[in-house]
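Data block below; observations after.
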Amino acid sequence: MLLATLDGRQLHGYAIIEALQLRSGGALDLPTGTVYPALRRLERAGCVRSAWSTVAGRKRRTYRLTSTGERALTAERAAWREFTAAIEGVLSSESKAARA
């Protein structure tokens, strides 16, 4: 989800959290104690790159996808589509069986 949030943009940590909340209709409200360690792990894995910037007099670390991150996001999206298709197949089969 963090990689998808950064797809095509550069954001600081709190903006990532806000974007996740907005894009999920408020269903995702991840604490900073979850997001920042995950961003550090993604950076160590080479999926994101960070840089310090100053915005309105405040120093912020901004993150963006690397080419490795873009490839990882593409793979995760494909895996998610396969997973959701499998679950949908199970749920659809159950609902058809229940109607019979």
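Each value in this text was obtained by applying a stated rule to the coordinates, not by laboratory testing. This is a predicted model, so every value here is computed, not measured. Counting neighbours? That spans all protein chains shown, and the Cβs are built from the backbone with ideal geometry, glycine included.
General observations
- Assuming charge only on the beta carbon of Lys and Arg (+1) and of Asp and Glu (-1), the dipole of the range 2-99 about its Cα centre is about 460 debye to the nearest 20.
- Cα long-axis angle, helix 13-23 against the chain (0 to 90 degrees, to the nearest 10): 30 degrees
- Residues in the range 34-63 reached by a label modelled at GLN21 [backbone nitrogen below 18 Å; 7 Å Cα→Cβ]: 34-37
- Burial ordering of ASP29, ASP7, fewest other beta-carbon atoms within 10 Å first: ASP29, ASP7
- Crossing angle, helix 67-99 versus the chain [Cα axis fit, 0-90 degrees, rounded to tens]: 30 degrees
- Helix 32-44 vs. the chain, principal-axis angle (Cα, 0 to 90°, nearest 10): 80 degrees
- Sum of -39500 (n - 2.57) over DSSP H runs of 4+, divided by residues of the chain (222 nm, nearest 500): -20500 deg cm²/dmol
- Within-12-Å neighbourhood charge of MET1 [Cβ basis; K, R +1; D, E -1]: 0
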